[in-house]
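Every number here is computed from the coordinates shown, using simple stated rules; none is lab data. Keep in mind that this is a model prediction, so the values were computed, not measured. Positions of Cβ are backbone-derived with ideal geometry, glycine not excepted, and every protein chain shown enters the neighbour counts.
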Amino acid sequence: MTTSPASSLTPLTPDPSTRSWWRSAVVYQVYPRSFADSDGDGVGDLRGLTSRLGHLARLGVDVVWLSPIYPSPGSDNGYDISDYRAVDPALGTLADFDEMLAQAHGHGIRVILDLVVNHTSDEHPWFVESRSSRDSPKRGWYWWRPPRPGLAVGEPGAEPTNWESFFSGPTWTLDEATGEYYLHLFHAKQPDLNWENPEVRREVHAVMRWWLDRGVDGFRMDVINLISKDPALPDGPPNGRGALGDGFEHYGTGPRVHEFLQEMHREVFEGRGAELLTVGEMPGVTVEEAARFTDPARRELSMVFQFEHVSLDHGPAGKFDPVPLDLRDLKASLGRWQAGLADRGWNSLYLCNHDQPRAVSRFGDAQRWWRESATALATVLHLHRGTPFVYQGEELGMTNAPFASIASMRDVEAVRHHATAVALGQDPDVVWRGLLAMGRDHARTPMQWDGSPHAGFTTGEPWLEVNPNHAWLNAAAQYDDEASVFHHYRRLIELRHTLPVVVDGDFTMLVADHPTVYAFVRRLDDETLTVVANLSGAPEDVPEEVLEAGAGPGDMVLANYVEPGPTATLAPWEARVYRAAGAATR
Ligand code: ISL
């Protein structure tokens, strides 16, 4: 193996013995199949990533989170794993992985892997064995149940619970051969592991240690708040979609999840020398629970991904029924999370990932104020307290793609939602509009490296179509332009690395009721940072409360307009950051 030990990396904080290194870090998420393709098969791979590490070093990020790289039938683009100790041949080999890791470490960049252990693929040998007979020694590794009492196997409604899957339809699929149903909160090809079984937990721990021994620096843990189910498996309240119900209260932050994570901490993380980064992805988590998951004294996780702020534009029928975002709701939500984790725990900060539409299209104005809105949103997000996550292409201001029809989308969620909603009698145009606004494929179109035919992503046929705007929206065009979205992200990251107030300062929201201005103050000792942004396409006055908080012309440390106008006025999507230290601080 050619990996360099994680301990050779420079600590990012002045005093690593008392402060976790990741508090001052910025993480960059790579979706490997869409990042860079080295062999022309149209699918991104590890060698492609290695060849582009210079981009990440130039941007200045500290950590790369790799979406799943393991062998997978690909029903959910790698979130359905069939072997936890190998690399998918489409992405490369273990030797390619070791080389990528060594080179990333050489750049001072740590690497964390996606750990998907709420479920495996149905093609994983564990499940193949589990389904082979009711007496299989691995039967208890998954959730098998007979039909609902009083109903025959296969009869409509005979599923053991009424829970609806995250990907439409019931969460149970019948195995004809053994006459029982298995649970899958996601796709039928993603059966849920039974964490009640200690053998399952031991095996997951062993997998984690195997990768840590190889040199990785931590994990992002997929839907980790769903691993503990109420073993009684009660029905959930009907959710209006046929006979289905919402089972979340029976598996979201379930009865033993804290116990399982503390056990994992003891068995896997403790005594490793270098501190690891652990990020729990947690749909539906509350701020109170997040404080428990990330309280260092409880020894569970470094931070969690929460979903409240990216659910504010979901309408009554869910995410594919989008409604306009009211900025006041966003401020109320993010502000509550800042306050809720101020004394205990830690926030992660994100607007984009591989499951979300592109932020500039969703919350900004990609048509009229593309550069300004991309940089204004970034400024606001990055200067909150917490660890920012940049999703590949976000640092270029990549936008949603002009998909022509459902046939051009690849995501299992989109395909199933479309089929189910149309079958239930919804207007196909309305269904399509929802998908076009919120589909996950927008985040998954290939990375736009340059203006050449496939954006420099591949020399072959890309697995998902490249956004035609790569002709002008690409990395090569932005490297030489100091005013570009790329350089704005680079400066934001630099600010976090240079100003302790960005990392450790407290957070006070200003003008919470203002419909278009987002402003806040960060304070640490005698240093103050005032952030103000106009998140609209019309000019705005800077509210008095913000001027009073300490916004003087001499103190500007960052702005997204090359020539900012008068202090008291903000141009469309203008964002400014002021810093005051010492006596000038109020
Ligand atoms: O995008 C979503 C569906 O609308 C989310 O609910 C998403 O499914 C949820 O956040 C869990 O996401 C994670 O686990 C899924 C996988 O499809 C996602 O890509 C992953 O991020 C199942 O492994």
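When Lys and Arg each count +1 and Asp and Glu each count -1, what net charge do the other residues less than 12 Å away from Glu263, Cβ to Cβ, add up to?
+1
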Requested in this report: Arrange the following residues from fewest to most other Cβ atoms within 10 Å of their Cβ: Phe403, Phe186.
Outcome: Phe403, Phe186
Report summary line: Expected sort for 143-151, 394-402, 209-217 on mean C-beta neighbours within 10 Å, highest first, is 394-402, 209-217, 143-151
Query raised in the report: Which Cα, out of Tyr489, Pro316, Val422, lies furthest along the positive dipole direction of the chain (beta carbon charges, K/R +1, D/E -1)?
Result: Tyr489
Report task. List the residues whose amide H sits under 5 Å from the amide H of Tyr70, counting only those 5 or more places along or on another chain, with H placed 1.01 Å from N in the peptide plane. Result -> Asp88
Query - Stokes-Einstein D (µm²/s) once Rh is taken as the Kirkwood radius of the range 254-369 over alpha-carbon pairs, at 10 °C in 1.306 mPa s - result: 100 µm²/s
Query - Share antiparallel - DSSP beta bridges, the chain, percent rounded to 5 - result: 60 percent
Query raised in the report: Where does each of 53-59, 81-87 land if you order them by average Cβ count within 10 Å, highest first?
Result: 81-87, 53-59
Report summary line: Straight-line reach check, Lys331, cutoff 25 Å on alpha carbons, 8 or more apart in-chain or any other chain, hits among lysines -> Lys319
Requested in this report: Return the calculated 222 nm mean residue ellipticity for the chain, to the nearest 500 deg cm²/dmol, obtained by summing -39500 (n - 2.57) across DSSP H runs with n ≥ 4 and dividing by the residue count.
Outcome: -7500 deg cm²/dmol
Report summary line: Once amide hydrogens are built 1.01 Å from N within the peptide plane, the residues lying 5 or more places from Leu115 or on another chain with amide H under 5 Å from its amide H are Arg220, Met221, Asp222
Query - Per-selection metrics, the range 502-585 (Cα): Rg and Dmax in Å - result: 12.1, 36
Query raised in the report: Over what distance in Å are the Cα centres of the range 97-127 and the range 226-291 separated?
Result: 21 Å
Requested in this report: May I have the extent of the alpha carbons of the chain along their three principal axes, as whole Å values ordered from largest to smallest?
Outcome: 75, 55, 49
Query raised in the report: Going by how many other beta carbons lie within 10 Å of each one, how would you line up Glu180, Glu461, fewest first?
Result: Glu461, Glu180
**Report entry** 5 angstrom amide H check on Val64, placed H, neighbours 5+ away
**Finding:** Tyr28, Arg110, Val111, Ile112
**Report entry** Value of Rg/Rh across the range 420-543 [Cα atoms, Kirkwood radius]
**Finding:** 1.11
Report task. Report the semi-axes of the equivalent ellipsoid for the range 42-92 in whole Å, largest first, where each axis is √(5λ) for an eigenvalue λ of the Cα gyration tensor. Result -> 24, 12, 9
Query raised in the report: Taking only the alpha carbons of the range 58-119, what extent do you get along each of the three principal axes, in Å, biggest first?
Result: 34, 23, 16
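What net charge do the residues around Tyr479 carry, taking every other residue with its C-beta under 12 Å from that of Tyr479, with Lys and Arg at +1 and Asp and Glu at -1? Intermediate values should be presented prior to the final figure.
Working: positive: Arg58, Arg490; negative: Glu395, Asp450, Asp480, Asp481, Glu482.
Surrounding charge for Tyr479 is -3.
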Query raised in the report: Near Trp163, within a Cβ-to-Cβ distance under 15 Å, what is the net charge of the other residues, with Lys and Arg +1 and Asp and Glu -1?
Result: -3
Report summary line: Restricting to lysines and to Cα separations under 30 Å from Lys138, and discarding same-chain partners fewer than 8 apart, the set is Lys189, Lys229
